[in-house]
Each structure stands twice: as C-alpha cells, then as structure tokens.
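Have a look at the structure below before the remarks.
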Amino acid sequence: MRRILLIVGGGIAAYKACELVRLIRKAGMRVTCVLTEGGQHFVTPMTLAALSENQVYTTLWDLKDEAEMGHIQLSRQADLIVVAPATADLLARMAAGIADDLATTLLLATDKPVLAAPAMNVRMWQHAATRRNVATLSADGVTVMEPDEGPMACGEYGPGRLPEPEAILAAIERHFAGPGPLAGRHVVVTAGPTHEPIDPVRYIANRSSGKQGFAIAGALAELGARVTLVAGPVTLPTPAGVERIDIETAREMAAAVEAALPADAAVLVAAVADWRVEPAAHKLKKGDGPPALALSPNPDILATLGEHPERPRLLIGFAAETERVTAQAAEKRARKHVDWIVANDVSGDVMGGDRNTVHLVTADRIEDWEPMDKEDVAHRLAQRIADAL
Ligand code: CTP
C-alpha cells in the first residue's frame, strides 16, 4: 500500500485537506498527517485522525511520539510527502532549509519526493519572494502545483487558491504512475472562446465553456505529456500538471500558440471568434445610435498550423456544426490540412453541458463515438493521441 505523509499548513484552505485525506484513503493509499501549529487553528488533529484512521503528529517536542517514532523515521517511511495547503510561510521555510517545527524538520530530513499544493493570497503568490522560493524549490526537485484561480476567502480574486482535492489526488496518482505514454511529448491545446473588444465594455464572442478543451489538456497531462493550454476567458481551474496561458483575443491566441511551438501535437478546441472589429478607445454611447461594426477576419489558427514550417506531427481540430456534421468536418479536415477533426453536433444542449456526442474524422474513416461525458471524450482522445505518437 502506498504511504503518503500529508503536511497540513496553516491557511483557511486547510479544511480542504480533510477532503484530500478522504480521497487518498478512497484511492487505497495510507495517509499519515502532520499538522503545523498554524494548521491547528483551522482543523483539529482529531478530525484528521478520524479521517485518516491514523495517528496525527503536531510537534517535535512530544516525548511519547519521539519514543515511538522518531521524526527522521516519520519522514522516511512515506513514499511521497504532500504539503497541502503549502502556505507562503511554509514554502519560504522549505526553500531556506529552515527546520523550526515538526513539518519543516521532516521536510529537511526526508529523502522522499515532495509535492506542494500552494494556497495563499494572490499578492503573496505573486510576490517576488514567493516567486523566488518556488523557483528554488522546483530546482531542488520539489513539485510545486499551480494554485487555482478564482475568488479567495480574503475577498480578492486571482491565482492562489488551493487546487481542488481531486486535482491534488490526480497529481499524487500521476507521481506513482511513472512517466506515462506521452512522457517527453509536448502538446498544445486551445480552449474556450476568444473575446474581441468592441469598446472598453463590450465584446464579440462565440459560445464556449472551455470544459472540453480543459478536460483534454488534463487527460493529456495525466498520460505524461507536457501540455501548454492556451485559454480564452473562462472560469475553470487549471488541470493538474498543465501550463496555462490566458489570452483574450484571437490574435493573442494565435501568438501564444505560435510561441509554444514546437509541439508533437496540437489540439485546437477553442471557439475562436472569426471576426474582430477595431475597438473604440472610449465607451460607445447608446444615445449615438447603434454603431456600424466593420468586421475584419481573424487569423485561422488551425489553418495556419496546417501550413506552418513547424507543423505539429499530429494536428487535431474541432468542428462544431449544426447540420451535415461529418460531411462538413471531412471537408474542413482536407481544407485546413488537419490530421483529425473531432466533429460534434451543437444543435442540442452541448454548449456549457457536461456531455458530448462526437465523431472522429480521420483521413480514411469516420468513427461515431457513443454519447459520453466530456471527461470521457477527453480520455479517449488522449489515449488515441498517445497511440498515434
Ligand atoms: N479555429 C482556429 N482559428 C480560427 C477559427 C477556428 O484555430 N480563427 C479552429 C477551431 O479551434 C477548431 C476549428 O478551427 O479546431 C473549427 O473551425 P471552424 O471555425 O468550424 O471552421 P471554419 O473554417 O471557420 O468553417 P465555418 O465557420 O464555415 O464552419
């Protein structure tokens, strides 16, 4: 049985560590918890002991604990040490090699791999000191997850939220899964809509939740690929192990995709706005009457990649159609010099939903996939990409 040593730091997100303990247990792993002093302000040793069905350690200075299990031994008997939430202070002490409590002493004494899931205020995450500490820890071989972006307990918004317990578990499982069939491969994924500003407050966009593209990026990372996810404006957490680049317009997306090359494969799922307008510098006033929007075409990123000198070996596009779905997809495949098109019929309620019915159009055939969750579409497609590369 795999053994996890979970260090719970002192942040409001510590309550999520309870759910993480439950998930780790459910996944068939053993978990021993260490609570920092700060952590004890947010969850009690009793909660973690009950959930982990194991003793919880809180201090270096417990004669009984030390007699039964020395702290060096505690740090070595795990297969993986997980720090969640990893506060700014904990990351700083780890980076500096400070050992002034049980958690940091274990982290300094261990010879086991360490995975840290940060959680802190957005400004603390973006502070030069934290950037420096994360860089140091990465160079030391610690895997530091990207925090989620969203509203925070402190009322601010941005990156700094603890990754969801499911994402932390996925990172743990990936650690044990080894390199995976896509190890050493780089895949670029686009997802979500693009926004084309009309003026400072208005924009043109396509409908897209980003769910399918984000699921594909996550599934590819699970198979070991290095994934660059170029994302339009959506409110989704970054899948574990994925490098995310946020953009707003089609031209920004095109530039980010170009900058991410070379890649072994590209999966362009984004619903790119086909047209843009020259945005007005100031808000258009209603009283001036409806403006005439002069539309000009946006770059077609998929078609550009199809003819690019650094064309990815496997180029995959999506086609959302409302009629003659596979016929139009096949035509698009040939016209844009694409290897595969994943076609879906969007005349129903696919947009924003969790399920999808797709057809995989390749050079020599059309496969009809049964209706399934977007997550399942993602996993099947990622596996097909792994087979093809
Ligand atoms: N795409 C892109 N850049 C664009 C437009 C589309 O990369 N400016 C990509 C999408 O990410 C998707 C595929 O192309 O992979 C979808 O193409 P689509 O917009 O359906 O094709 P069009 O050539 O625009 O055909 P039509 O609008 O006539 O259906």
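The selection criterion, being modelled with pLDDT of 95 or more and surrounded by fewer than 21 Cβ atoms within 10 Å (Cβ to Cβ), does not hold for Asp62.
Residues that are farther than 17 Å from Met94 by Cβ and of a type in the set (Gly, Ala, Ser) were ranked within segment 18-46; the one that is farthest from the chain's Cα centre (by Cα) is Gly28. List the strands (runs of 3 or more DSSP E) that sit entirely inside segment 330-383 and contain at least 2 residues that are within 16 Å of the ligand (Cβ to nearest atom) and either in the same structural domain as Arg313 (by TED's automatic domain parsing) or touching a His at 6+ places or on another chain (Cβ under 8 Å) (or both). It comes to 340-345, 358-361. For segment 70-87, a residue qualifies if it is within 23 Å of Ala170 (Cα to Cα) and out of contact with any Pro (no Cβ under 6 Å at 6 or more places or on another chain), and the qualifying residues are Ser75, Arg76, Gln77, Ala78, Asp79, Ile81, Val82, Val83, Ala84, Pro85, Thr87. Of the residues making up segment 296-311, those that are within 13 Å of the ligand (Cβ to nearest atom) and either aromatic (Phe, Trp, Tyr) or surrounded by fewer than 21 Cβ atoms within 10 Å (Cβ to Cβ) (or both) are Ser296, Pro297, Asn298, Pro299, Asp300, Ala303, Thr304, Gly306, Glu307, His308. Among residues of segment 314-331 that are under 8 Å from Ala343 (Cβ atoms), those with a beta-carbon under 8 Å from a residue that is near the ligand (Cβ under 10 Å from one of its atoms) and charged (D, E, K, R) at least six positions away or on a different chain give the pairs Ala319/Lys332; Gln328/Glu321; Ala329/Glu321.
Results for (1) buried (at least 16 other Cβ atoms within 10 Å of the Cβ); (2) away from the ligand (no atom under 13 Å from the Cβ); (3) part of a loop (DSSP other than H, G, I, E, B), shown as yes or no for each residue.
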site	(1), (2), (3)
Ala254	yes, no, no
Ala263	yes, yes, yes
Val267	yes, no, no
Ala273	yes, no, yes
His282	no, yes, yes
Gly287	no, yes, no
Leu293	no, yes, yes
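If the condition is being part of a strand (DSSP E or B), more than 18 Å from Ala86 (Cβ to Cβ) and without any contact (Cβ under 8 Å) to a residue 40 or more places away in the chain, then segment 154-203 contributes Tyr157, Tyr203.
The values are calculated or read from the model by the stated rules, or taken from the named source; none is laboratory data. All of these numbers come straight from a predicted model, not from anything done at the bench. Virtual Cβ from ideal backbone geometry, glycine too; neighbours counted across all protein chains shown.
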